[in-house]
Every structure is written in C-alpha cells, then in structure tokens.
Amino acid sequence: MLMVCAIMLAADVQGQPLLKTHVETGDVEGILDGQLAVYKAIPYAAPPVGELRWREPQPAKAWEGVLKADDFGPMPPQPTRPGRTADMMSEDCLYLGIATPAKSIADCLPVMVWIHGGGFQTEWYGGDLWTCLASRGVVIVSVEYRTGALGFMAHPELTKESAGGHSGNYGILDQIFALKWVQRNIAQFGGDPSNVTIFGESAGAISCSILCASPLAKGLFHRCISQSGGSFAPWRDQPRTLGMDASQKGAEMQGIAFQQHLKKKNIKQLRKMGAMELCDGDVGFAGFWPCVDGYVIKDDQYRLYERGEYNDVPVIAMTNSDEGALFAPANIQPEEYRKMVDGIFGSFADEALKVYPGSTADEAWHGFGDAFRDMGFAWPSFAWVSLQAKTGKSGAYAAYLAQPSTVSFSQDPRRRGVAHADDVMYLNSTFLGQSEKYPHEAAVAEMIQQYWVNFARTGNPNGKGLPYWPTFDDARPTTMQFSNGASLVMRPHREQLDFVDRFYRAKREETEREH
C-alpha cells in the first residue's frame with residue numbers, strides 16, 4: 001500500500017522535483033533548490049543519548065504527519081571554533097541529507113553517499129557539494145555520524161556490556177546503519193539501491209576503506225571513491241600513534257586514560273556527563289580513532305587485502321600533492337624535527353632523514369609535511385590500489401591532484417602544492433562557473449566531477465571527452481594526474497612511498513611476532 005501511495009504521489013508531480021515522498025518512519029517533504037529536491041535532515045537512527053550513548057545505533061522512531069526536512073540537523077559535539085558554536089551541536093545528530101534530481105521514484109538513478117572528514121573528531125555533513133554532483137544526474141546522500149569520544153571511545157566496561165565483546169567504532173557502525181537505511185529507502189527518492197557509491201575525504205576516506213574491508217558492510221554499496229585516506233597502516237596493542245592504529249586492547253587503554261583524565265570512576269558516571277562537557281574534556285587529549293575490534297574491523301586491513309578478504313568493489317583512490325602542509329608545525333626547528341623523526345621511525349630514523357631531510361628550518365617544515373602526507377594519505381592510497389590490483393577482480397584507479405592554485409585551506413606561503421582538504425573544492429562550487437577567475441581550476445573541477453559521476457554510474461570513470469584512465473599498474477604510467485588538465489604519470493613520490501612501505505612492513509612483522 002505504501003508503494004502504491006508513493007507512486008500516486010510521484011505521478012501528481014510528474015515533471016517536477018520529487019519534493020514529497022515516504023520513508024519507513026513517515027512522510028517527508030524537502031525544499032526546492034533549482035531543479036533539485038533537497039531533504040536536509042532525515043533521522044536514520046534513534047538519538048544516541050542516555051543509555052544509548054556508546055551503544056550500537058538503534059532504529060529511528062516513526063513520526064506523525066509530514067516531516068519538513070528544510071533545515072540541517074545539528075553537528076555532533078566537537079570543539080568549538082569560529083563558525084562552530086555549541087548551540088549548533090547536539091548528541092542527537094544521526095541524520096542524513098539527500099539531494100535528488102529525480103522527478104519520480106521510478107527514475108532509478110545512481111546513488112552517491114558522502115562521508116565527511118574531520119579526523120573522526122570534527123566537521124559536519126552539510127554543504128553545497130550535494131547540489132553540484134546531484135545536478136549531474138545522481139542522488140546524493142550525506143551522512144552524519146558520531147565523532148570524538150562519543151563516536152570512538154573503547155573501554156573495558158563497554159566491551160563487557162557488548163554481546164559481541166567489543167567497543168569503540170560507534171561512528172563506523174552509524175555509517176553502516178545509514179547505508180542500510182539507504183538500501184531500504186533510497187528508491188523513494190528516485191535512487192537505485194543496487195547502484196550505490198560511497199565516497200569521502202580524509203577521515204571519510206578512511207571510513208570508506210574500513211567499510212570496504214568490513215563484513216558488516218557487505219552488499220551495502222557497489223563502488224568506492226577515497227580522497228586522501230585509507231586504513232592500511234599497522235596496528236598495535238597500544239593507544240594509537242602517528243601512523244599506527246590501535247587494537248581493541250590499545251583503544252581500551254586510551255578509554256581508561258580518558259576516564260581518569262576526567263576524574264570519573266566508571267562508564268556510568270561518564271554517561272551522566274553532558275555531551276559538550278565530554279567534548280571539552282577531549283581537548284588536549286589524544287584523539288579517538290577506529291580500532292581493530294575483531295567485529296567492525298576484523299584484522300590488520302593490509303593483511304585482509306593480501307588474503308582477498310574484503311568487499312571487492314571498484315575503487316578510485318586520490319591523494320593531493322602537498323597534503324602535509326596543513327599539519328606541519330609553523331616554526332619547527334631542525335633539533336625538534338630530529339627528535340620527532342627518532343620517536344616515529346626508531347631504527348629507521350637515519351633512512352627517514354635521507355628521504356625527508358630537515359637540516360634547516362625550511363627543510364624541517366617540508367620534511368614533516370611530506371612525511372605526514374605519505375604516512376597518512378599517499379602510502380595508504382597506494383597500498384589500497386596496489387593490493388586490490390593483485391588480489392581483487394574489480395578495477396582500482398589511482399589519482400593525484402597537483403593543480404597549482406592560490407586557493408587553499410593551508411595559507412602557509414611555503415606550501416608547494418595541493419594541501420589536505422583542497423580537493424573538496426573541486427567537488428563543490430568553489431571553481432565551477434569561475435572559469436574567468438580560475439580557468440585551470442575550473443577545468444579540472446569539471447573533469448573530476450565528470451569522472452566521479454561516470455564511475456558512480458558504471459564503476460568505470462571513463463567517458464566521452466575525457467582522457468582515458470586505465471586501472472592501476474605500478475609498472476606503467478596509470479596514475480591520473482590532475483594539473484592543468486589530466487594526464488597519466490607513474491606513481492608520484494616513489495622513493496618516499498617505498499621507504500614508508502619498508503617501515504610499515506617491519507612494524508607489521510613486529511606486531512605479528514608479539515602475537
């Protein structure tokens with residue numbers, strides 16, 4: 001009966017954007033944005049508050065009447081800063097937004113699900129990225145999920161509470177829950193549940209790689225685009241450090257330390273704290289991150305891919321030419337840099353200084369940034385496409401964004417390329433329509449968006465009017481470089497990435513000996 005009603009409703013507005021529809025919890029109404037119907041906030045899960053804090057997401061409750069989805073939902077609690085005030089945040093944050101060009105629920109359009117970044121600590125699911133891509137004929141879904149301590153704190157008491165004996169990774173479980181909601185409901189927005197692409201940037205890209213390896217996400221999506229991130233670094237039984245993820249045990253140690261930091265006796269007391277109070281307690285404390293819990297994340301992801309134990313879907317993995325510029329300490333000095341290198345690389349420190357030199361202040365700044373780029377973004381992306389090319393059946397495509405531009409999230413004049421998060425500007429309206437002011441950037445934005453939408457439609461980015469892009473082969477120039485157009489190059493930063501590969505291999509073998 002509900003399907004019949006929805007079809008009749010769609011017929012009434014034939015030729016007009018699909019502004020009213022029905023989901024499993026009730027009727028919903030969006031707003032008109034040009035030729036798109038935009039639904040800014042639909043609850044996909046129950047508010048994770050009270051006793052539901054630090055538990056797996058639960059179904060949203062039905063509502064009466066029509067839910068007017070005309071305003072964005074709140075941000076998850078996160079440190080306040082300009083433009084991000086406490087009144088904009090709430091622990092009740094499990095909403096998703098949808099932008100659809102469909103005129104009818106029968107349109108069966110490709111679906112792209114955006115997972116935002118922010119280091120698993122911050123950020124928000126809103127933005128005009130939706131409308132830019134949706135206007136090209138795809139349904140865009142943008143998902144909010146729990147972040148920070150509320151989304152990723154593991155703790156022995158929480159592990160004991162869980163029927164499966166695990167804790168942490170609540171934010172990833174939110175993403176999986178949202179993807180299940182998409183499977184059940186997206187047809188009501190003219191989307192095709194059998195053609196879903198997940199895509200994300202930074203922590204969103206890392207989330208995408210986790211979803212590609214998690215058995216809990218099997219069958220919930222059919223393609224993946226990663227922009228600056230992947231979860232392929234080794235793990236260890238210690239709290240997470242730069243380049244090394246934590247096991248369940250290591251994450252639990254961090255949870256206990258956080259409890260002690262807040263001077264609380266147990267989880268019961270932590271559940272009574274206000275969300276923003278918990279968030280403020282996280283400031284200055286080591287950030288929370290997904291952990292290898294044996295449930296959401298079964299094992300070291302590199303090893304999972306070596307064994308072919310992952311959700312084998314077509315993948316695009318892109319990194320930026322100067323990702324680390326956003327993270328390098330402004331006034332780092334050679335002595336400080338040397339100590340950091342020793343602390344991170346240990347017996348590999350001397351070799352690290354050859355590929356990431358830092359004998360002057362300028363060298364140290366660039367050395368830190370380049371090491372951060374490679375360990376955090378470039379090497380995981382290379383590992384992903386390289387492993388999938390060896391053990392998978394689906395296409396793996398490598399991309400490298402190096403477009404020179406005066407516009408960047410990193411304002412440091414020492415920046416030599418595209419900083420972290422700059423790639424998002426090529427998916428939204430920053431450069432599109434600005435060809436007179438930004439001719440090269442606008443052209444690259446147009447190409448990237450075309451490739452991305454082609455990929456969402458077919459699992460292959462190639463299409464009419466675009467340079468041909470083959471799947472990744474490390475022995476040939478198969479990485480698509482976006483810089484004043486698009487051209488194929490060999491894998492960038494080969495010497496540095498080969499060093500990181502050796503370092504991570506040694507760390508992985510060390511962890512395996514310990515177990």
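Mind telling me which of the residues Tyr337, Tyr305 ends up being buried (at least 23 other Cβ atoms within 10 Å of the Cβ) and over 23 Å from the mean Cα position of the chain (by Cα)? Outline the logic, then answer.
Values: Tyr305 fails: over 23 Å from the mean Cα position of the chain (by Cα).
Matching residue, one of Tyr337, Tyr305: Tyr337.
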_Scan of region 454-484 for residues that are surrounded by fewer than 20 Cβ atoms within 10 Å (Cβ to Cβ) and aromatic (Phe, Trp, Tyr), ordered by number_ = Tyr468
*Subset of region 405-437 (residues that are out of contact with any His (no Cβ under 8 Å at 6 or more places or on another chain) and aromatic (Phe, Trp, Tyr))*: Tyr426, Phe431
_Checking Ala371 against (1) of a type in the set (Gly, Ala, Ser); (2) in a loop (DSSP other than H, G, I, E, B); (3) within 27 Å of Arg236 (Cα to Cα): exactly one of these is not met. Which one?_
(2)
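Residue-wise test of (1) surrounded by 23 or more Cβ atoms within 10 Å (Cβ to Cβ); (2) on the phi > 0 side of the Ramachandran plot.
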| position | (1), (2) |
| --- | --- |
| Gly65 | no, yes |
| Asp92 | no, no |
| Ile98 | yes, no |
| Ile105 | no, no |
| Cys108 | no, yes |
| Tyr125 | yes, no |
| Ser135 | no, no |
| Ile140 | yes, no |
_Selection within region 393-404 - in contact with a His (Cβ under 8 Å, 6 or more places away or on another chain) and surrounded by fewer than 18 Cβ atoms within 10 Å (Cβ to Cβ)_ = Pro404
*Look through region 72-90, keep the residues that are part of a loop (DSSP other than H, G, I, E, B) and in contact with a Pro (Cβ under 9 Å, 6 or more places away or on another chain), and return whichever of them is least open to solvent (accessible area, probe 1.4 Å).*
Gly73
_Of the criteria (1) over 30 Å from Phe199 (Cβ atoms); (2) touching a strand residue (DSSP E or B) at 6+ places or on another chain (Cβ under 8 Å), which one Glu351 fails_ = (2)
*Residue under evaluation Phe409, criteria (1) touching a strand residue (DSSP E or B) at 6+ places or on another chain (Cβ under 9 Å); (2) modelled with pLDDT under 95, criterion not met*: (1)
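For region 322-332, does any single residue satisfy the condition of being part of a loop (DSSP other than H, G, I, E, B) and closer than 22 Å to Ile210 by Cβ? Don't jump to the end; show me each part of the working.
First, pick out the residues of region 322-332 that are part of a loop (DSSP other than H, G, I, E, B): 322, 327-332.
Remaining after also requiring closer than 22 Å to Ile210 by Cβ: 327.
Looking through region 322-332, at least one residue is part of a loop (DSSP other than H, G, I, E, B) and closer than 22 Å to Ile210 by Cβ.
Scan region 336-350 for residues that are free of Cβ contacts under 8 Å to residues at least 40 places away in the same chain and either of a type in the set (D, E, K, R) or touching a helix residue (DSSP H, G or I) at 6+ places or on another chain (Cβ under 6 Å) (or both) and report the count.
Summing the residues that are free of Cβ contacts under 8 Å to residues at least 40 places away in the same chain and either of a type in the set (D, E, K, R) or touching a helix residue (DSSP H, G or I) at 6+ places or on another chain (Cβ under 6 Å) (or both) in region 336-350 gives 8.
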_Failed condition for Gln411, given (1) closer than 30 Å to Ile332 by Cα; (2) open to solvent by less than 50 Å² (accessible area, probe 1.4 Å); (3) without any contact (Cβ under 8 Å) to a residue 40 or more places away in the chain_ = (2)
*Does Ile198 meet the test of being hydrophobic (A, V, I, L, M, F, W, C), touching a strand residue (DSSP E or B) at 6+ places or on another chain (Cβ under 6 Å) and within 30 Å of Ser104 (Cβ to Cβ)?*
yes
*Would you pick out the residues in region 37-63 that are outside any strand (DSSP E or B) and either among the aliphatic types (A, V, I, L, M) or open to solvent by less than 50 Å² (accessible area, probe 1.4 Å) (or both)?*
Tyr44, Ala45, Ala46, Pro48, Val49, Gly50, Leu52, Arg53, Trp54, Pro57, Ala60, Ala62
_Close pairs (7 angstrom Cβ cut-off, 6 or more residues apart or separate chains): among the hydroxyl-bearing types (Ser, Thr, Tyr) in region 34-58, open to solvent by less than 60 Å² (accessible area, probe 1.4 Å) and part of a loop (DSSP other than H, G, I, E, B) anywhere_ = Tyr39/Gly30; Tyr39/Ala69; Tyr44/Ala60; Tyr44/Leu94
*Search result, residues across region 351-368 that are touching a helix residue (DSSP H, G or I) at 6+ places or on another chain (Cβ under 7 Å) and either among the charged types (D, E, K, R) or in a loop (DSSP other than H, G, I, E, B) (or both)*: Glu351, Tyr356, Pro357, Gly358, Ser359, Thr360
*Would region 311-324 turn up any residue that is small (Gly, Ala, Ser), in contact (Cβ under 8 Å) with a residue 12 or more places away in the chain, out of contact with any Asp or Glu (no Cβ under 6 Å at 6 or more places or on another chain) and over 30 Å from Arg415 (Cβ atoms)?*
no
*Provide a single number: the residues in region 191-211 that are surrounded by 24 or more Cβ atoms within 10 Å (Cβ to Cβ) and either of a type in the set (Asp, Glu) or outside any helix (DSSP H, G or I) (or both).*
8
*Criterion violated by Gln175 - all others in (1) at pLDDT below 95; (2) surrounded by 24 or more Cβ atoms within 10 Å (Cβ to Cβ) satisfied*: (1)
*Is it fair to say Lys249 is open to solvent by 10 Å² or more (accessible area, probe 1.4 Å), modelled with pLDDT of 90 or more, charged (D, E, K, R) and in contact with a helix residue (DSSP H, G or I) (Cβ under 7 Å, 6 or more places away or on another chain)?*
no
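With β-branched (Val, Ile, Thr), in contact (Cβ under 8 Å) with a residue 12 or more places away in the chain and assigned to a loop (DSSP other than H, G, I, E, B) as the only criterion, which of Thr131, Thr122, Thr159 stands out? So that I can check it myself, show each step before the final result.
Values: Thr131 fails: assigned to a loop (DSSP other than H, G, I, E, B); Thr159 fails: assigned to a loop (DSSP other than H, G, I, E, B).
Going through Thr131, Thr122, Thr159 in turn, just one is β-branched (Val, Ile, Thr), in contact (Cβ under 8 Å) with a residue 12 or more places away in the chain and assigned to a loop (DSSP other than H, G, I, E, B): Thr122.
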*Restricting attention to region 485-515, and to residues there that are over 15 Å from Ala399 (Cβ atoms) and among the polar types (S, T, N, Q), which single residue is surrounded by the fewest Cβ atoms within 10 Å (Cβ to Cβ)?*
Thr511
*Return the only residue of Thr511, Thr471 being touching a residue at least 24 places away in the same chain (Cβ under 8 Å), β-branched (Val, Ile, Thr), part of a loop (DSSP other than H, G, I, E, B) and out of contact with any Ser or Thr (no Cβ under 6 Å at 6 or more places or on another chain).*
Thr471
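The values are calculated or read from the model by the stated rules, or taken from the named source; none is laboratory data. Nothing here was measured: the structure is a model prediction, and the numbers come from that model. Every residue, glycine among them, receives a Cβ derived from its backbone with ideal geometry; neighbour counts consider all protein chains shown. Surface accessibility is based on the protein's heavy atoms, side chains included, excluding ligands, DNA and RNA. Shrake-Rupley method; radii C 1.70, N 1.55, O 1.52, S 1.80 Å.
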